[in-house]
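Following: one structure in structure tokens, then a few remarks.
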């Protein structure tokens with residue numbers, strides 16, 4: 001794949017060509033994006049870290065989530081708004 005960019009500076013035509021190896025584009029449905037370093041760093045700073053649990057920690061979290069979903073289905077949970085009013089009334093408003 002070859003991308004060509006044109007720019008005009010003081011009536012002089014400048015052409016920059018970037019060659020992208022085919023192995024960097026894995027499928028036809030995959031999009032390729034070009035963004036500035038500043039924009040990339042801003043997006044990176046706002047992203048949430050991703051971690052993968054293994055073994056006992058993963059099983060423990062799975063069990064806690066399963067129990068929480070059961071409680072929610074039974075109606076034993078409360079909305080965040082009412083929880084904050086009740087537990088943190090001095091902070092909530």
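Key figures
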{"item": "Largest-first ellipsoid semi-axes for the stretch 29-93, taking √(5λ) over the Cα gyration tensor eigenvalues, angstrom", "result": "36, 23, 13"}
{"item": "Highest average packing first - 30-40, 80-90, Cβ atoms within 10 Å", "result": "80-90, 30-40"}
{"item": "Linear extension gain, residue 65 paired with residue 35, 0.36 nm per residue minus alpha-carbon span", "result": "7.0 nm"}
{"item": "Estimated FRET transfer efficiency (residue 51, residue 19; beta-carbon r; R0 30 Å; 0.05)", "result": "0.25"}
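Each reported figure results from applying straightforward, stated rules to the coordinates on display, with no laboratory input. Quantities reported herein were computed from a predicted structural model and do not represent experimental measurements. All Cβ positions, glycine included, derive from the backbone under ideal geometry; neighbour counts span all protein chains shown.
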